[in-house]
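J.: Structure incoming, see below.
A short reminder: the numbers here are calculations on the coordinates, not readings from a lab. Because the structure is predicted, anything quoted here is derived from the model rather than measured. Because the Cβ atoms are built from the backbone with ideal geometry, glycine has one as well, and the counts that use them run over all protein chains shown.
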C-alpha cells in the first residue's frame with residue numbers, strides 16, 4: 001500500500017484548486033465511456049468537479065497568500081492488494097470498496113491531528129476520486145533503464161484513489177497541516193496546527209487495509225520492514241533479518257517488528273524466547289543466519305587491512 005501526501009513546498013496548492021481538479025478529471029475527458037467517474041466523500045458519491053473546486057476554494061478563511069490551501073493524498077494499493085479485492089468482492093465492486101476504505105482512512109487522517117473538534121472525516125472538507133490508470137514517471141526504473149517512456153501507461157490493474165482535502169476543517173475555523181512535524185514536542189505549535197505523524201498515518205493506512213479486507217500481508221511487504229531496511233540502524237536491520245527467518249505466530253512477529261521500529265531493540269534471546277522451539281531450530285539452520293549478523297563495512301575494513309599488512313603498509 002502506497003500512501004503519500006504531496007509536500008506543500010513543491011505542490012501548487014497555495015491558490016485555487018482549479019488546476020488540480022481539472023487534471024484529476026482527465027480520464028473523464030479522454031476516455032470514451034457513457035458513465036463519468038464522479039467525486040465522492042462521506043456525504044455522497046456523485047459530486048461534480050465544479051462543486052469540488054467551489055467548496056475547496058471557499059474554505060480558506062484567514063489563510064495568507066503563501067499558505068497552503070489544500071493537500072493531495074494518493075492512495076495506491078499494490079497489485080497483490082488489488083487482486084485480493086478482486087478475488088474477494090469481484091471486479092465490479094472494487095471501486096466501491098476502495099471508496100469505503102478511503103472514508104475510513106480519512107477518519108484516521110482527522111484523528112492523527114489530535115485536535116479537539118477534529119475526530120473523523122465528517123470534521124474535514126475533502127473529496128476523493130477513483131482513477132483507473134497510472135503513468136511511468138522519470139523516477140521509475142523502467143524509464144531510467146530506457147525500457148519505458150515517461151507518460152506511458154503502466155500495465156496491470158492500476159486502480160487508485162486521489163483525495164483533495166482542505167487545509168481548514170469543515171467549519172472553516174481550524175487550520176490543519178499534515179506537514180507539521182512537531183508531533184507534540186512543541187506544545188504551542190501543536191495547539192495551533194495540530195500534531196501530525198505522517199509515518200504513523202501511512203502505517204495506519206496499511207493496518208486498516210489488512211484489518212478491513214482480511215489481507216494476509218507478509219513481513220517483507222510491510223511498510224515497517226521497508227522503512228527499517230532503508231532508514232534503520234545496523235542493529236535494527238540485523239534484528240529484522242533474524243526475525244524474517246523465524247516462522248510462527250504472525251501477531252507475535254508483527255509486535256516484534258513494531259518494537260524494532262520504535263527503537264525498543266529486543267535482544268536475540270528475547271526474540272527466540274517468544275517463538276516456538278520449531279521456529280528456533282529453523283532459525284539456527286537457516287543458511288542466512290550467520291551472514292545476517294555480520295557488519296559488511298567491518299568485513300571490508302578487515303580485508304583492506306589484511307591487504308595493507310601483506311603489502312607492508314601497516315605494521
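J.: Between residue 177 and residue 235, 0.36 nm times their residue separation minus their Cα-Cα distance comes to what?
T.: Working: separation 58, 0.36 × 58 = 20.88 nm, distance 3.38 nm.
Stretched fully, the residue 177-residue 235 segment lengthens by 17.5 nm.
J.: Using the basic label-point model (7 angstrom from Cα toward the beta carbon), what is the residue 219 to residue 78 distance in nanometres?
T.: Inter-label distance under the simple model: 1.5 nm.
J.: I'm checking a number: the convex hull volume of the Cα atoms of segment 52-141, normalised per residue, in Å³. What is it? Walk me through the numbers on the way to the answer.
T.: On the way: hull volume 15.0 nm³, N = 90.
With only Cα atoms used, segment 52-141 gives 166 Å³ per residue.
J.: Return the distance in nm (one decimal) between the two label points of a simple spin-label model at residue 51 and residue 88, each offset 7 Å from Cα along Cα→Cβ.
T.: For the pair residue 51/residue 88, the computed spacing is 2.9 nm.
J.: Still on this structure, please answer the following. If you average 1/r over every pair of different alpha-carbon atoms in segment 47-100 and take one over that average, what Kirkwood value in Å do you get?
T.: Working: mean 1/r = 0.0702 Å⁻¹.
Value: 14.3 Å, from the Cα pair sum.
J.: How would you classify segment 2-181 from its alpha-carbon gyration tensor, with a ≥ b ≥ c the square roots of the eigenvalues: rounded for a/c under 1.5, else prolate if a/b is greater than b/c, otherwise oblate?
T.: On the way: a/c = 1.65, a/b = 1.40, b/c = 1.18.
Verdict is prolate for segment 2-181.
J.: Can you sort 30, 3, 174 so the residue with the fewest Cβ neighbours within 10 Å comes first? Can you show the working numbers first?
T.: Values: 30 8, 3 22, 174 19.
Result, fewest neighbours first: 30, 174, 3.
J.: For a footprinting-style exposure proxy, rank 115, 38, 29 by other Cβ within 10 Å, fewest first. Walk me through the numbers before you get to the answer.
T.: Values: 115 21, 38 17, 29 8.
The order, fewest Cβ neighbours first, is 29, 38, 115.
J.: For each of 125, 63, count neighbouring Cβ atoms within 10 Å of the residue's Cβ, then give the residues from fewest to most.
T.: Details: 125 22, 63 16.
Final ranking by Cβ density, sparse to dense: 63, 125.
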